[in-house]
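Single-structure report; data block below.
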Amino acid sequence: MVDAMSTRIFIPRDVAALAVGADQVARAVEAQAAALGVAVTIVRTGSRGLFWLEPMVEVETPLGRIAYGPVQAGDVAALFAAGWLTGATHPLRVGRPEDHPFLARQTRLTFARCGIVDPLSVEDYKAAGGYRGLAKAIEAGGAATVEAVTKSGLRGRGGAGFPTGIKWKTVRDAVADQKYIVCNADEGDSGTFADRMILEGDPFCLIEGMTIAGLAVGATRGYIYSRSEYPHANATMRAALDIARAAGLLGRDILGSGLEFHLELRVGAGAYVCGEETALLESLEGKRGVVRAKPPLPALKGLFGRPTVVNNLLSLATIPVIMDLGAQYYADFGMGRSRGTMPIQLAGNVLHGGLFETAFGLTLGEIVMEVGGGTASRRPVRAVQAGGPLGAYLPPSQFDTPYDYEAFAARDALIGHGGLVVFDDTVDMAHMARFAMEFCAEESCGKCTPCRIGSTRGAEVVDRILAGRDVAANIALLEDLCNTMKFGSLCALGGFTPYPVLSAIRHFPEDFHTRNSPGRPLPAAAE
Amino acid sequence: MPILHALQETFGHVPQDAIPLLAEALNLSRADVHGIVSFYHDFKEAPGGRHVVKLCRAEACQSMGGHALAEGLLHRLGLDWGGTTGDGQVTIEPVYCLGLCACAPAALIDGRPLGRLNRERLDAAVNEARNDWSTP
Ligand SMILES: Cc1cc2nc3c(=O)[nH]c(=O)nc-3n(C[C@H](O)[C@H](O)[C@H](O)COP(=O)(O)O)c2cc1C
Ligand code: SF4
Ligand code: FES
Ligand code: FES
């Protein structure tokens with residue numbers, strides 16, 4: 001197929017691109033090329049993360065890769081006619097992706113390859129720097145690798161922001177017949193899709209990161225725990241694992257170094273709480289995903305009671321670049337105690353939604369208004385939920401908050417897994433508070449009464465507020481309930497659900513207090 | 001879990017008869033297996049419709065009108081969440097985030113992803129599914 005005269009056309013197979021017609025575009029490109037008798041080679045890639053431009057198609061031209069988007073199947077004939085094979089102008093022409101402000105402003109370390117390479121090509125992966133990190137880790141040895149990860153300042157990207165190197169050291173120092181590396185890919189937070197993009201767009205990066213983790217702590221087995229809501233990602237990851245095994249990149253003697261590491265994919269079954277690391281381990285063991293009390297830490301007694309590294313997918317996928325370019329290189333990005341880069345996910349009602357990897361330190365306002373371009377509906381931004389369903393709602397008056405773990409914590413807000421969900425002025429914050437409670441009730445593992453019962457009560461109390469009954473008394477009751485949940489819950493599901501609720505009450509009191517008649521009047525301009 | 005996923009995929013639910021067999025094979029009590037099946041939202045104890053429409057109810061989809069979109073579809077089909085149309089064709093299930101949050105509102109219909117949905121696109125997709133995707 002691939003010959004010198006054939007033009008390569010890159011079309012994403014990322015599920016978000018498929019959801020807006022990428023497969024239809026690929027079929028149209030193939031058909032039109034055949035009809036015109038021109039040779040093209042279609043390469044399916046991950047997504048670059050400019051989702052408002054998906055399906056974004058890139059054509060390899062003498063000028064470099066030139067992007068067009070959002071392309072629909074019906075546009076394809078016109079694109080050929082306009083001369084897109086040589087990068088010609090067309091209303092859908094985006095230009096060189098790297099020159100697009102959304103990408104030019106980023107620092108892509110974890111996402112260096114995503115959207116560029118064929119996700120299932122080991123050759124592509126290696127040509128783009130893959131497996132250099134593992135080679136350096138093999139040379140340096142386990143102890144030095146743990147030290148490098150500590151020095152890089154990398155903090156867990158799954159939610160709590162715990163220093164990854166310290167966790168690894170605990171597991172490395174533990175003595176056991178078997179240790180495990182577990183990748184938490186149970187990306188359940190609304191507004192997040194970075195784990196998914198790596199699974200679909202650069203799976204070997206995760207495989208390499210987990211292999212390095214295994215070498216660093218002395219673990220020979222690993223599991224990736226993904227979610228059933230991600231069937232496409234799971235299919236790509238499964239294929240990548242097969243390819244890696246066949247290529248000797250997993251197994252008994254990796255790269256001829258004597259290193260042993262076996263890796264399997266497991267898929268959850270629609271339970272948000274299984275993203276909590278101990279519930280995840282229970283689920284991996286084939287049980288109900290009920291949260292375990294800590295201590296013992298999973299690092300000491302994790303999967304099947306053995307020392308286990310549980311890390312978010314992004315934490316693990318960032319290891320190869322740290323080992324390749326050096327701990328100091330990574331640590332030089334960022335601010336304060338938030339080192340390196342964060343793959344921020346801009347979602348919801350935002351004009352430029354997508355993946356924005358950048359050094360910590362931009363303000364929330366810069367991210368939402370400048371990078372994101374404000375709302376997709378072109379109405380004013382009213383609230384941003386940061387850090388998933390357990391994260392606070394922030395009003396525009398807090399847009400000066402720097403994107404940094406400590407600065408967010410000082411405002412009772414969460415970096416979490418890097419999601420930002422934007423809402424316009426038609427949002428009803430009392431409704432969102434009710435949703436937070438309802439979600440907690442739905443997803444509670446059932447172990448703690450404040451979480452299980454408190455959230456159900458909480459939803460009922462919001463219903464009374466929504467109906468305009470005893471509003472002041474019910475708001476006070478809701479705040480009490482939140483405090484009980486905060487302090488009486490074992491894990492962050494019950495413990496953090498109060499944050500979206502309380503932040504909604506604090507920053508948007510008008511949505512709660514003025515419920516004297518059923519049906520709050522919407523903002524004047526709302527349709 | 002992999003066994004339960006396989007059963008769910010093959011039969012559209014985890015058949016009641018399978019529980020004692022599983023319990024025996026895995027050396028667990030029936031109550032244990034039942035507990036596992038009932039804990040996870042994916043595992044159904046009764047079969048659903050021929051086509052499963054998973055509509056995202058989570059925050060990012062709500063910010064783009066997902067709530068009204070979902071309520072509208074349920075209303076037009078005369079269903080509640082989890083309900084199946086009288087002809088056994090379509091089940092509407094809630095899902096909390098499909099990772100399509102930058103292309104909201106989103107749905108997964110018989111495993112096919114759909115983003116940037118509006119009423120017309122959603123209705124068209126549900127009808128296509130009913131017709132077994134004969135007009136893709
Ligand atoms: C209810 C709940 C859900 C969670 N979901 C996830 C998740 O989907 N992915 C994740 O990596 N961490 C999740 N976490 C955090 C994990 O418990 C754990 O902190 C994390 O996997 C550790 O990895 P890291 O140090 O690399 O962040 C969740 C925590 C709670 C309480
Ligand atoms: S807070 Fe909720 S989810 Fe967490 S352990 Fe308690 S009951 Fe389970
Ligand atoms: S989404 Fe409206 S009540 Fe839950
Ligand atoms: S919130 Fe609906 S896809 Fe993520």
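The values are calculated or read from the model by the stated rules, or taken from the named source; none is laboratory data. Keep in mind the model is a prediction, meaning the values are calculated, not measured. Cβ coordinates were reconstructed from backbone atoms using ideal geometry, including for glycine residues, and neighbour counts include every protein chain displayed. Ligands, DNA and RNA are excluded from the accessible area calculation, which covers all protein heavy atoms including side chains. Shrake-Rupley method; radii C 1.70, N 1.55, O 1.52, S 1.80 Å.
Couple of notes before you dig in:
- What the Cα convex hull of the protein assembly as shown gives, in volume per residue, is 159 Å³.
- Relative contact order %, chain B, counting alpha carbon pairs below 8 Å whose residues are six or more apart: 21
- Surface accessible to a 1.4 Å probe, per residue, for the residues of the stretch A:19-142, Å²: 39
- Cα centroid separation - the stretch A:207-261 against the stretch A:371-445, whole Å: 35
- Net charge dipole size for the stretch A:429-513 [Lys, Arg +1 and Asp, Glu -1 on Cβ; Debye, nearest 20]: 220
- Taken per residue, the accessible surface of the stretch B:51-131 reaches 36 Å², heavy atoms only and a 1.4 Å probe.
- Between A:Y330, A:W168, A:L50, the Cα set farthest toward the positive side of the dipole of chain A (charges on each charged residue's Cβ, about the Cα centre) is that of A:W168.
- Relative contact order (percent, whole number), chain A, Cα cutoff 8 Å, 6+ residue spacing: 13
- Using θ = phi - 60° in the Karplus curve 6.51 cos²θ - 1.76 cosθ + 1.60, the 3J(HN,Hα) couplings for the stretch A:331-344 round to 5, 5, 8, x, 9, x, 9, 9, 9, x, 10, 10, x, 7 Hz; x is entered for Gly and Pro.
- Interface burial in the stretch A:343-357, defined as at least 20 Å² less accessible area with all protein chains than with the chain alone at a 1.4 Å probe, covers A:G348, A:N349.
- Whole-Hz couplings from phi, Karplus 6.51/-1.76/1.60, listed for the stretch B:73-89; x for Gly and Pro: 5, 4, 4, 5, 8, x, 10, 9, 3, x, x, 10, 4, x, 7, x, 8
- Chain B, accessible surface, carbon-and-sulfur percent (1.4 angstrom probe): 53
- Within the protein assembly as shown: Cβ-based charge dipole about Cα centre, in debye rounded to nearest 20 (Lys, Arg +1; Asp, Glu -1): 880
- Note that the stretch A:361-374 has calculated 3J(HN,Hα) couplings of x, 5, 7, 4, x, 4, 5, 6, 8, 7, 6, x, x, x Hz, one per residue in order, obtained from phi through the Karplus relation 6.51 cos²θ - 1.76 cosθ + 1.60 (θ = phi - 60°); glycine and proline are x.
- Taking a span of 20 Å or more along the helix axis (Cα atoms) and a mean Kyte-Doolittle hydropathy of at least -0.5 as the rule, the DSSP H helices of chain A that qualify are A:22-36, A:203-217, A:231-246, A:429-443, A:449-466, A:471-488.
- From its DSSP helices (H runs of at least four residues, each -39,500 (n - 2.57)), chain A gives a residue-normalised ellipticity at 222 nm of -11000 deg cm²/dmol.
- Chain B - mean residue ellipticity at 222 nm from DSSP helices (-39,500 (n - 2.57) per run, n ≥ 4, rounded to 500): -12000 deg cm²/dmol
- Simple spin-label estimate for A:H431 and A:A144 in nanometres, 7 Å along Cα-Cβ: 5.9
- Residues whose placed amide H lies under 5 Å from that of B:H51, excluding near-sequence neighbours: B:V90, B:T91
- The simple spin-label model puts a point 7 Å past each Cα toward its Cβ; for A:R411 and A:D253 those points are separated by 5.6 nm.
- Mean-position separation - Cα centroids, the stretch B:11-37 and the stretch A:33-87, in angstrom: 50
- Computed from the C-beta positions of A:Q72 and B:R76 and an R0 of 25 Å, the FRET efficiency is 0.40 to the nearest 0.05.
- Rounded to the nearest 100, the interface formed by chains B and A buries 3400 square angstrom of accessible surface, both chains summed, with a 1.4 Å probe.
- Under a 5 Å amide H cut-off, with hydrogens placed 1.01 Å from N, A:N312 pairs with A:R157, A:G158, A:N184 among residues at least 5 apart or on other chains.
- Förster radius 60 Å - calculated FRET efficiency between B:F11 and A:D400, Cβ distance, rounded to 0.05: 0.65
- Dipole of the protein assembly as shown, positive direction: furthest Cα of B:L98, A:S283, A:V384, with charges on the beta-carbon: A:S283
- Charge dipole of the stretch B:51-131 about the Cα centre (unit charges at C-beta), most positive-ward option of B:G82, B:V53, B:M64: B:M64
- Here the stretch A:212-317 is treated with +1 on each Lys and Arg Cβ and -1 on each Asp and Glu Cβ, and its dipole about the Cα centre works out to around 240 debye.
- Relative to the dominant Cα principal axis of chain B, helix B:119-130 is inclined by about 40°.
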